[in-house]
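The values are calculated or read from the model by the stated rules, or taken from the named source; none is laboratory data. Keep in mind that this is a model prediction, so the values were computed, not measured. Here the Cβ positions follow ideal geometry from the backbone for every residue, glycine too, while neighbour counts run over all protein chains shown.
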Amino acid sequence: MTGQILVVEDEEHLARGLKFNLEAEGYKTEVAGDGETALNLLLEQRAAFDLLVLDVMLPGKDGFTVASELRQANHYIPLLMLTARGRPEDVLKGFAAGADDYLPKPFDLKILLARIQSLLRRREWSRVLVNDAPSESRVAESRSGDLLREFDVYAFSGKQVDFATLELRANGKIFRLTLMEAEFLRHLIRNCGKIVSRRQILEEVWGLHEDTDTRAIDNFIVRLRKYIETDPSKPQHLLTVRGVGYRFLPKPTGGN
Amino acid sequence: MRITSRKRTIAFAVTLGVLVAAVALALNISWIVLNWREVVPLFIGVLFFGFIIAGVILNTIFLVREVRRNEQQDSFLNAVTHELKTPITSIRLYLETLQQRQLDETQRREFYQVMLQDTQRLMGTVDQVLRAARVTQKNAIFHKSEIDVGPLIQDAVELARSRHHLPPDAVTWDLDGKPAEPLSVAGDREELSAVLSNVLDNAVKYSPKDPQIHVDVVTPDLEHVQIKVQDNGIGIPSGELKRVFKRFYRVLSPATQQVKGSGLGLFIVRAITRRHGGRTWAESEGAGKGTTVTIELPRYQQ
C-alpha cells in the first residue's frame, strides 16, 4: 500500500526510526518537529498527506491541541495519536480531540504498522464509496440531473472536480479537497439547481441530526467558494439562499 | 482540564475560608458589643475568636499550598513518564527494526549508536530521580574529600560541551585548560559534579540555539569559593528567582514550555550545596536577559 504520511514528533531518534520504518514499508514520509509546523503544512499550504502520526507531548502546542485545531478547520485527515500517556482519560481526551486511533508508547512496531495500514485502508474504502459509479458516466457533463447521480469526475464552466483523487481544478490551479469537502460539494452538485437546506446537508452529508452547530457548513461554503469562485465575495456557483440553505449552479447566472 | 478544576478547588477553599473567618469575626464583634462591660469574658472571648480566625486562615493557606504541590507533582510525573518512556520507546523501535528488517552494516552501526545514546539518556533520568530522593534523606552519606575546583569545573564544562554537541567557545571559563593555583573545597566529588552538570545543562536548555555560557570562579573571602555560571538564555522573572529551587517547581511561560524538564535540577543543586555547608542562588535581569547561578561552597580547611 502506498500513501504519504506526516509524522509529528519532536524526539529526533523516534522521528528518525519511524521515518525509516514507514519508508521501508513504501510510504512517503515527512517529519515535522512541532505542532505549529504540522498545522502550517496541512492547513496553510494544504500539503497532500494521507495520514498523520501525531505525538502528544510536543513543544508549544501539544498533540491534543493540534488535533482539535485540525478538526475545527474541518481537516479530516486520518490521525493516529502516539503518546507516552496511556491512561484511559488520556485516551478518551485524544479521541475527543479528533484522533482516529491511539497508541501508547512504547509501542510494538508491527502493531503500529498494522494500525497505519488499517487507517489508510479505511480511507481507500471511503474513496471507493465515493466513486462506485458506473464507468460509462465517468465524465458527466452538467446537463441532465439523472446522469449526475454518481460520478467520478464532474466538469462545469471550465472547472473540474475529480472525486476519486479528491482534486479540484479551477482557475488553472489544483486544489486538494478533504473527504468532507468533496462529499459536501458532491451533495450540492447532485442537487444541482435545487435549493438544499442546511438541515438536509447536515443529515445527508454528515449524518448529523439538527441541533448541531451549523457554522460548520458556513466554513465549508467559504472554503469551497475560495476554490471555485473567481470572486468569492460575489459567488456565481455556490449561492446562499437566505434563511433556507444553498444552491449550486453549474453555469453563472449572468445578471445577479 | 485538570488544571482548571484545580483552580476551582483553590477558589472554593479560599472562598470558604474567607466566609468562615468573616462569620467568626462578626461573632467576635457581637461578643465584644454584648460583653463590653465585663472584662474577663470579654478577654477570653476575644482570645478564642482570635484562635478560631487564625486557625481558619492557616488551614486555608495549607490547603491551597497542598493543592499547588499536588499540581506540581502531577506535572513532574508527566515529565518523568515522558523522559523514561521516550528512550525506551526509541530503543524498542530500533531493536525491532534490527530484528525485522534487512539492514546494511552502516545502518546497523548507526542504529546501535542511537540506542546507546538512548540508554545514556535513560540512565541520566534515573540518576536524577534517585539523586533527588537521596539528597533529601537525613542520613544520606557523602564521601567528602579535598577537591580541587579547577579540574572539577574543567570536567563539567567538557562534559556539557560533548553532551550538547557544542563548540568550545559556547561554554567558556576563565582557566580553560590553563593550570591554576589549587583552590579546594571539601566535598563529595560525584555529588559536586552533579551540581555543576545540572547548572550547566539548565544554562544550555534555557538558552537560544547558540548559547553563550561563561563559568567564573570567585573568592569573595578567605572562607568561601563561588562558582558562577552565566548564560544568555531566557532569564528568570524576579518573582521566581527563589521558587525555581523548589522541588518540582518550573516557571510557567511560553518559553519554558518548549523545554522539557522534571523540575528536579535546581532542587538537587540546592540540596547538595546545603549539605556541603554552602548556598546557591540565581540572579537575572529579567525575561530574555540571561541568568547567573552562583554556587558558594566553603573552602577546604586543613
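Couple of notes before you dig in:
- Filtering segment A:185-213 to residues that are at pLDDT below 65 and surrounded by 15 or more Cβ atoms within 10 Å (Cβ to Cβ) leaves only A:208.
- Residue in segment B:27-46 that is within 30 Å of residue B:246 (Cα to Cα), in contact (Cβ under 8 Å) with a residue 24 or more places away in the chain and outside the structural domain of residue B:249 (by TED's automatic domain parsing) present: no
- Residue ID - nearest to residue B:83 (Cα to Cα), chosen from residues in segment B:99-112 that are at the interface with chain A (Cβ under 10 Å from one of its Cβ atoms) and assigned to a helix (DSSP H, G or I): B:111
- Where residue A:71 falls short, out of the listed (1) within 14 Å of another protein chain (Cβ to nearest Cβ); (2) over 16 Å from residue A:9 (Cα atoms); (3) basic (Lys, Arg): (1)
- Cβ pairs under 9 Å, 6+ apart, first in segment A:36-64 and within 14 Å of chain B (Cβ to nearest Cβ) and farther than 26 Å from residue B:262 by Cβ, second part of a loop (DSSP other than H, G, I, E, B) and not charged (D, E, K, R): none
- Within segment A:99-119, the set of residues being of a type in the set (D, E, K, R), under 19 Å from residue A:15 (Cβ atoms) and within 9 Å of chain B (Cβ to nearest Cβ) comprises A:105, A:108.
- Members of segment B:233-253 found to be surrounded by 15 or more Cβ atoms within 10 Å (Cβ to Cβ) and either touching a Leu at 6+ places or on another chain (Cβ under 8 Å) or more than 14 Å from residue B:281 (Cα to Cα) (or both), listed by number: B:233, B:234, B:244, B:245, B:247, B:248, B:249, B:250, B:251
- Unmet criterion (only one of (1) in contact with a Leu (Cβ under 8 Å, 6 or more places away or on another chain); (2) more than 14 Å from chain A (Cβ to nearest Cβ); (3) surrounded by 15 or more Cβ atoms within 10 Å (Cβ to Cβ)) for residue B:32: (3)
- Checking B:72, B:117 one by one, the residue that is out of contact with any strand residue (DSSP E or B) (no Cβ under 9 Å at 6 or more places or on another chain) and within 11 Å of chain A (Cβ to nearest Cβ) is B:117 and no other.
- Filtered by the rule that a residue be aliphatic (A, V, I, L, M) and surrounded by fewer than 18 Cβ atoms within 10 Å (Cβ to Cβ), segment A:167-178 gives a lone residue, A:174.
- Meets criteria (modelled with pLDDT under 85 and either on the phi < 0 side of the Ramachandran plot or assigned by TED's automatic domain parsing to the domain that holds residue B:267 (or both)) for residue B:15: no
- Residues of segment B:158-169 classified as part of a helix (DSSP H, G or I) and in contact with a helix residue (DSSP H, G or I) (Cβ under 7 Å, 6 or more places away or on another chain), total: 4
So that you can scan it fast, the table gives a plain yes or no per residue for (1) surrounded by 13 or more Cβ atoms within 10 Å (Cβ to Cβ); (2) of a type in the set (S, T, N, Q); (3) free of Cβ contacts under 8 Å to residues at least 60 places away in the same chain:
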{"position": "B:118", "(1), (2), (3)": "yes, no, yes"}
{"position": "B:121", "(1), (2), (3)": "yes, no, yes"}
{"position": "B:132", "(1), (2), (3)": "yes, no, no"}
{"position": "B:140", "(1), (2), (3)": "yes, no, no"}
{"position": "B:145", "(1), (2), (3)": "no, yes, yes"}
{"position": "B:155", "(1), (2), (3)": "yes, no, yes"}
{"position": "B:162", "(1), (2), (3)": "no, yes, yes"}
{"position": "B:166", "(1), (2), (3)": "yes, no, yes"}
{"position": "B:174", "(1), (2), (3)": "yes, no, yes"}
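- Residues of segment A:145-155 that are at pLDDT 80 or above and touching a helix residue (DSSP H, G or I) at 6+ places or on another chain (Cβ under 8 Å): A:154 alone.
- The condition of being at positive phi, in contact (Cβ under 8 Å) with a residue 12 or more places away in the chain and either touching an Asp or Glu at 6+ places or on another chain (Cβ under 8 Å) or not aromatic (Phe, Trp, Tyr) (or both) holds for only one of B:265, B:261, B:277, B:233, that being B:277.
- So residue B:61, is it within 30 Å of residue A:64 (Cβ to Cβ), outside the structural domain of residue B:246 (by TED's automatic domain parsing), of a type outside the set (Phe, Trp, Tyr) and part of a helix (DSSP H, G or I): no
- Single condition residue B:90 does not satisfy, out of (1) in contact with a Ser or Thr (Cβ under 7 Å, 6 or more places away or on another chain); (2) crowded, with 18+ Cβ neighbours inside 10 Å; (3) within 11 Å of chain A (Cβ to nearest Cβ): (1)
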